[in-house]
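A single structure is presented below for examination.
The values are calculated or read from the model by the stated rules, or taken from the named source; none is laboratory data. As the structure is a computational prediction, the values presented were derived from the model and not from experiment. Here the Cβ positions follow ideal geometry from the backbone for every residue, glycine too, while neighbour counts run over all protein chains shown. Each accessible area value is taken on the protein alone, full model and side chains, heavy atoms only, with ligands, DNA and RNA left out. Shrake-Rupley method; radii C 1.70, N 1.55, O 1.52, S 1.80 Å.
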Amino acid sequence: IRGAVADLRDRLNHSWPQGRTALPPKREIILTPLNATYKGRIDNSPAWSPPRRTERWEDDPANAAPRRVATKSARCVASRSRDLRITLAIRYNECAMRLNSFLLVLLVSSASVASAANLKVRVKDGSGAPLPDQLIIVRSLDEPKEVFRVLSDKEGNTPEHDLVPGLYRLISTNPYGAWGTVIREFVIGFSPVSLDVQVPVEPTHGFGDRVPVHTLDYVPIHVRVWVVDDEGKPIPKALVLVRSFDLDFEHWYKTSDRGDVKIELPDPPITILGYWQGKLAVTELNDSQAASSSGKAITLKLK
């Protein structure tokens, strides 16, 4: 290719009349890529595909002979411009995707914070005096996991926590002290919740814990539980929790399409809980109430 260019240049120089210093307009020697097909044109005809690099001849005022000027073709400039636009578009899309992800995380976090409600807990003894150093454990019953555990301060208060709406369980205990254990279920909605926990004195009963012993002919007590709304209408698919005082027995039920369910009672004292769409109803049975409830129905009215 270089030899052909040099030969063509010599022919142009020898065939051009002496004394003329101007070349015809648009006269170019075109250098095509090695893998391109030479079409035998040296002009700027529309049929010719613009090459990547060209050589242009123009007059040199300081010299009678024309000089060669290397120029870049429109095709090369357009290709680089197109690559630049593509690169900028890719970077713009990446930045836009990162910004959208950040905004989505921020929106979800804001929604979670906005829907959380504040929980305050205060622990007291039977006389209403504050109880310090009581271990407070809060667990979620929607997602069976522990949310937090703290010790009450000198005023019987615990640090405030923000909880998302749902059903929770609070356990107040003093494992190595003289105070008993209190277990309590509660609901968190969209308003702040304040719980006052009254802890009884743990009675002494010798060494070890009291464990109920059943004979071989023991038959557990079964009762029917109805879950109703404020107007007394039965609620189907409502959750019913039956547990013992110290959580040795704990079982979940769900009401039928009629709004009732048959449950088994553990050894008293017993806690029966009804829950549906953020509404809660709780009843407790002692020894005499549990014995007299056989064959009867218990109604839990949600509010």
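Restricting to the range 195-222, give me the number of residues that are at pLDDT 85 or above, more than 22 Å from Leu170 (Cβ to Cβ) and open to solvent by 70 Å² or more (accessible area, probe 1.4 Å).
Final tally of qualifying residues: 1.
Could you tell me which residue of the range 276-303 is least open to solvent (accessible area, probe 1.4 Å), considering only residues that are at positive phi and in contact (Cβ under 8 Å) with a residue 12 or more places away in the chain?
Gly278
While we're here: Mind checking which residues of the range 241-300 are in contact with a His (Cβ under 6 Å, 6 or more places away or on another chain) and of a type in the set (A, V, I, L, M, F, W, C)?
Val242
Oh, and also: When you check Leu273 against the structure, is it closer than 24 Å to Val187 by Cα, at pLDDT 95 or above, open to solvent by less than 70 Å² (accessible area, probe 1.4 Å) and not small (Gly, Ala, Ser), yes or no?
Yes.
Now a separate question. Going by the structure shown, is Val225 at pLDDT 95 or above, of a type in the set (Val, Ile, Thr) and either under 24 Å from Pro266 (Cα atoms) or in a loop (DSSP other than H, G, I, E, B) (or both)?
When the stated conditions are applied, Val225 passes them.
Go through the range 157-195 residue by residue and tally those that are more than 15 Å from Lys124 (Cβ to Cβ) and either within 28 Å of the chain's Cα centre (by Cα) or of a type in the set (D, E, K, R) (or both).
Residues that pass the stated criteria total 20.
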